[in-house]
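Throughout, read-outs are computed from the coordinates displayed, never taken from laboratory work. What you see is a predicted model; the values in this text were computed from it and never measured. No Cβ is skipped: glycine too gets one built from the backbone with ideal geometry, and neighbour counts run over all protein chains shown.
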Amino acid sequence: MWTQRWDLHSHSTHSDGQHDVATVADLMARNGVETWALTDHDTAAGWVEGATHAEARGLQFLPGVEITCEPVLAAQSKELTLRGQERPSTSWHLLAYFPTHDPRTIDENMAAFLAWLGPKQNGRAPRMALMCERLTKLGMPVELNSVLARATGSVGRPHLADEMVHLGYVKDRQEAFETWIGDGLPAFVSHSKPTIAEATNMVHQAGGIVSLAHPRYYGVPTSELIPTLSALGVDAVEAVHRSHDQAYRHELMVAAEAFGLHTSVGSDFHGLDVQPRPGHMPVPLASLHPALTGASPGEGVRPTRTAR
């Protein structure tokens, strides 16, 4: 059985999304999504809002976070070319989900995870300051406070790109990333990141599960990627992502099944200016992790669906 009712990768203004949490919830509901995860970068700031707005719309809400991690394997040029990538991401992203956690309560294990996560979010501001300094030296002065003001949670490069557009240095976000602030470019600054193993361990201790986000960006062949994820204790791989073609999705799902991993599905929704809609991503229901599909209404924030 295939389903399009899950969208487990989305962003709000708490990180680099275009819309506030209420608007994202609205868009999910209007596009047929029934189980929705908010996965802002390195922050849980939107969880309570997400739970509240999901409940009001009859959605099942999964508290989530996209954790920025160190790469595990080196990118291979042949794989990058195969996937249409000029260069690999300088970080791997791990999606963490907490299906039985109610964001309006904090237990000891979750408190420990959030305490571990906090510096990852806070560490983004010093990095942003260095990137502003580099742009200034390149003849494009940018005030750090103006960039920080664009973020309600984790500040990221999209906020910097928007400020560059506002100042007239570039015409859009794409130009900012492709010319100045993308990985390895003149104004790029890397930042301290946990390993996949460390992040996986912390999420598991808090009762969550993890899935590697959008593997297309990392330049690692599936034949090497999936066994490595399995050895590290990662639970799933985001085979169904908006950037993956059907052949790559199938390749990842077959390999994941062979190594006992599950599949996750996500539009990676950042806003209507980036993509036309969230959801609408078919995935075999049986390939999803049972924790993402089988929690009862009494576990976490999973309201009974209302008739539409």
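With the cut-off at 1.5 for a/c, could you classify segment 67-177 from its C-alpha gyration tensor as rounded, prolate or oblate? It is oblate, given that a/c is not under 1.5 and a/b is not larger than b/c. Hey, how many Å between the Cα centroid of segment 163-185 and the Cα centroid of segment 238-292? With segment 163-185 and segment 238-292 each reduced to a Cα centre, they are spaced 29 Å.
Angle of helix 157-166 to the longest C-alpha principal axis of the chain, folded into 0 to 90 degrees and rounded to 10: 50°. For the pair N109 and S146, the difference between a 0.36 nm per residue extended length and the Cα-Cα distance amounts to 9.8 nm. Neighbour counts of other Cβ atoms within 10 Å put H289, H191 in the fewest-to-most order H191, H289. Restricting segment 23-98 to chymotrypsin sites (Phe, Trp or Tyr not before Pro) that sit in a DSSP loop and have at most 12 other Cβ atoms within 10 Å of their own Cβ leaves nothing.
Principal-axis analysis of the Cα atoms of the chain puts helix 222-232 at an angle of about 70° to the longest axis. Per residue, the convex hull spanned by the Cα atoms of segment 124-181 measures out at 67 cubic angstrom.
Electrostatic tally near D40: other residues with Cβ closer than 13 Å to its Cβ, Lys and Arg +1, Asp and Glu -1, net -4. Legend: calculated FRET efficiency, Q246 to Q205, from the Cβ-Cβ distance at R0 = 30 Å, rounded to 0.05, equals 0.25.
Neighbours of I226 by Cβ distance under 14 Å: Lys/Arg scored +1, Asp/Glu scored -1, total -4.
Roughly how tilted is helix 196-205, in degrees to the nearest 10 and between 0 and 90, from the longest Cα axis of the chain? Roughly 40 degrees, rounded to the nearest 10.
Run through segment 186-287 and list the chymotrypsin sites (Phe, Trp or Tyr not before Pro) located in a DSSP loop whose Cβ has at most 16 other Cβ atoms within 10 Å. Those satisfying the criteria are F259. With Cα atoms defining each centre, segment 45-59 and segment 20-39 are spaced 9 Å apart in the structure. Take each peptide in 3-13, 139-149, 223-233, count the other Cβ atoms within 10 Å of every residue, and average; sorted highest first, the result is 3-13, 223-233, 139-149.
Here's the list of lysines a cross-link from K193 could span, going by alpha-carbon distance under 27 Å and ignoring same-chain residues fewer than 8 apart: K78, K120, K137. From the list (1) 17.7; (2) 14.9; (3) 16.3, can you say which value of mean projected area of the Cα convex hull in nm² was derived from the structure given? Given (1) 17.7; (2) 14.9; (3) 16.3, the calculated one carries the label (2).
The trypsin sites (Lys or Arg not before Pro) of segment 103-161 that meet both conditions, a loop assignment by DSSP and at most 13 other Cβ atoms within 10 Å of the site Cβ, are R104.
Shown for D245, D40: other C-beta atoms within 10 Å of each C-beta, ranked fewest to most, produce the order D245, D40. Each residue, T293 and L130, gets one label point 7 Å from its Cα in the Cβ direction; the gap between the two is 4.3 nm.
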